[in-house]
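The values are calculated or read from the model by the stated rules, or taken from the named source; none is laboratory data. Values in this document were obtained by computation on a predicted structure and should not be read as measured data. Note that we place each Cβ from the backbone using ideal geometry, even for glycine, and neighbour counts take in every protein chain shown. Side chains are part of the model used for accessible areas, which takes the heavy atoms of the whole protein and leaves out ligands, DNA and RNA. Shrake-Rupley method; radii C 1.70, N 1.55, O 1.52, S 1.80 Å.
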Amino acid sequence: PPLGKYAVPSRYLQPHPSNNITPHIASLVGRDLHLRPSHPIGIIRSKIQEYFASLSTDNNTTYTIFDAEDPIVTAQQCFDDLLIPPDHPGRAPSDTYYVTDTSLLRTHTSAHQSQHLRSGVDAFLCCGDVYRRDEIDATHYPAFHQMEGVKLMGPESMIGADGLNDEQWLHSPECQLIEADLKATLEGLMDHLFGPTEKRWNDDFFPFTQPSYELEIYHNDEWMEVLGCGVIHEQVLHLSNRSDRRGWAFGLGLERLAMILFKIPDIRLFWTEDERFHRQFTEGQIVEFQSYSKFPPVFKDIAFWTNDERTTNQDDFVENDFFDLVRSTAGDLVEKIELIDSFTHPKTGRSSRCYRISYRSMDRNLTNEEIDGLQFKVRDETATLGCELR
Ligand code: PHE
């Protein structure tokens, strides 16, 4: 059974009308892959921390490490403190796992920025598991890990920065100094992880930084985004009672880096308990992952109407609800869910979707009977979304 091994803490499954956390998701919380010294996620985390520790001898910045915060945070921490507006799509229940209407599984480690700033820490790294409702394939999983970094510059960093409008701030020497420090720090981090590597900066947007950038590195003949960052928005500092200072912040995804560095082809492997995976990794070492035999996939299609004739055409189907439902039923045996057909009937206005579900175990051969059983359950459950099976 996909969920059997892990106890599901009931606090994630509160019977609150806003709660959309599935047992599958709840079973992932608390696995703490980033704290396992010889797990690829833990190895990358240590490498990053090692780099920041080495900086402290050069310029006296000591980064405090936070790695054990509760992944359940308030909407205030995750969004409001970071100036993310109430109507931002990332806050919608179709994208975020809510415990209640005001508490949720953090969608990024930035959710902890304000509390640490408020408590007076000037530089820190904050690592943890984050959760986002998303599609399912070899590079997307609804849980992953991030490392956040924050550094406030000395009080002199804002001598001329008070009372500037946005445009003036962007061009001020204070802002440019912080930006230069941010970029040099992160370029150094990439070289520490990858060896000298080609990089480029693109403008980006986050409500909590201004200006904002993304960093890409050139890997396998393509540019890959590895992190988002920027100069912390004045208002974020103000809300944390740190108006006297300015600084930078970044957030990077550990899975993305680990997949490149260890050549791990599928994001679900990070969550396996298979010894053939774990025995390949040792604390402090980056080695190339050797794929063990891949077992064959089993494909099953499911087609359904998402609205009916009587309510004429109003369609409330939320694709992420369907993805979560499939995962809750079949767990990590689901490798991929693809929309292979969709159309709207010209006369009745009814909409139909057909998805192909690929089932595959990374550890064993699946039998057709077992998957038929799961597929029947998926079909039954889909009917509870208000869809009519075809
Ligand atoms: N929290 C952002 C994300 O998850 C990344 C980020 C962190 C951007 C800090 C700017 C500053 O995409």
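Exactly one of these conditions fails for Glu222: (1) near the ligand (Cβ under 10 Å from one of its atoms); (2) open to solvent by 10 Å² or more (accessible area, probe 1.4 Å). Give me its number.
(1)
Looking at (1) touching a Phe, Trp or Tyr at 6+ places or on another chain (Cβ under 7 Å); (2) open to solvent by less than 40 Å² (accessible area, probe 1.4 Å); (3) farther than 30 Å from Gln49 by Cβ, can you tell me which one Phe289 breaks?
(3)
Give the residue that is most open to solvent (accessible area, probe 1.4 Å), with candidates limited to residues of the stretch 360-379 that are over 17 Å from Ile337 (Cα atoms) and either of a type in the set (D, E, K, R) or touching a Leu at 6+ places or on another chain (Cβ under 8 Å) (or both).
Let us first name the residues in the stretch 360-379 that are over 17 Å from Ile337 (Cα atoms), namely 363-370, 373.
Pick out the ones that are also either of a type in the set (D, E, K, R) or touching a Leu at 6+ places or on another chain (Cβ under 8 Å) (or both) and you get 363-364, 366, 369-370.
On the way: Asp363: 74, Arg364: 104, Leu366: 24, Glu369: 139, Glu370: 64 Å².
The residue in question is Glu369.
Cβ-Cβ under 7 Å, sequence separation 6+ or interchain: first residue in the stretch 247-270 and away from the ligand (no atom under 12 Å from the Cβ), partner aromatic (Phe, Trp, Tyr). Which pairs?
Glu255/Phe144; Glu255/Phe270; Phe262/Phe289; Lys263/Phe289; Ile264/Phe289; Ile267/Tyr141; Arg268/Tyr141; Leu269/Phe277
If Gly120 passes every condition in (1) within 25 Å of Tyr63 (Cα to Cα); (2) open to solvent by less than 10 Å² (accessible area, probe 1.4 Å) but one, which one does it miss?
The failed condition is (2).
Which residues, taken from the stretch 188-211, are within 16 Å of the ligand (Cβ to nearest atom) and open to solvent by 30 Å² or more (accessible area, probe 1.4 Å)?
The answer is Trp201, Asn202, Asp203, Asp204, Phe205, Phe206, Gln210.
For the stretch 159-177, enumerate the residues that are aliphatic (A, V, I, L, M) and closer than 18 Å to Gly230 by Cβ.
Residues of the stretch 159-177 aliphatic (A, V, I, L, M): 159, 161, 164, 170, 177.
Hits for the stretch 159-177 are Ala161, Leu164, Leu170, Leu177.
Pairs needed: first member in the stretch 226-246, without any contact (Cβ under 8 Å) to a residue 24 or more places away in the chain; second member anywhere, within 15 Å of the ligand (Cβ to nearest atom); C-beta distance under 8 Å; at least 6 residues apart or different chains.
Close Cβ pairs (under 8 Å, with a partner that is within 15 Å of the ligand (Cβ to nearest atom)) amount to Ser243/Glu234; Ser243/Leu237.
One residue is enough: does the stretch 296-310 have a residue meeting the conditions hydroxyl-bearing (Ser, Thr, Tyr) and either within 26 Å of the chain's Cα centre (by Cα) or over 27 Å from Tyr97 (Cα atoms) (or both)? Even if it seems obvious, please write down each step before you answer.
If we filter the stretch 296-310 for residues that are hydroxyl-bearing (Ser, Thr, Tyr), which is where we start, we get 306.
Pick out the ones that are also either within 26 Å of the chain's Cα centre (by Cα) or over 27 Å from Tyr97 (Cα atoms) (or both) and you get none.
Within the stretch 296-310, none of the residues are hydroxyl-bearing (Ser, Thr, Tyr) and either within 26 Å of the chain's Cα centre (by Cα) or over 27 Å from Tyr97 (Cα atoms) (or both).
For every residue, the table says whether it meets (1) open to solvent by 20 Å² or more (accessible area, probe 1.4 Å); (2) in contact (Cβ under 8 Å) with a residue 24 or more places away in the chain; (3) within 12 Å of the ligand (Cβ to nearest atom).
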| site | (1), (2), (3) |
| --- | --- |
| Pro71 | no, yes, no |
| Asp80 | yes, no, no |
| Pro85 | yes, yes, no |
| Pro93 | yes, yes, no |
| Val99 | no, yes, no |
| Ser103 | yes, yes, no |
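Does Gly230 meet the test of being within 11 Å of the ligand (Cβ to nearest atom), open to solvent by less than 50 Å² (accessible area, probe 1.4 Å) and either aliphatic (A, V, I, L, M) or under 30 Å from Asp81 (Cβ atoms) (or both)? Please lay out each step first, then the result.
Values: within 11 Å of the ligand (Cβ to nearest atom): yes; open to solvent by less than 50 Å² (accessible area, probe 1.4 Å): yes; either aliphatic (A, V, I, L, M) or under 30 Å from Asp81 (Cβ atoms) (or both): yes.
In short, yes.
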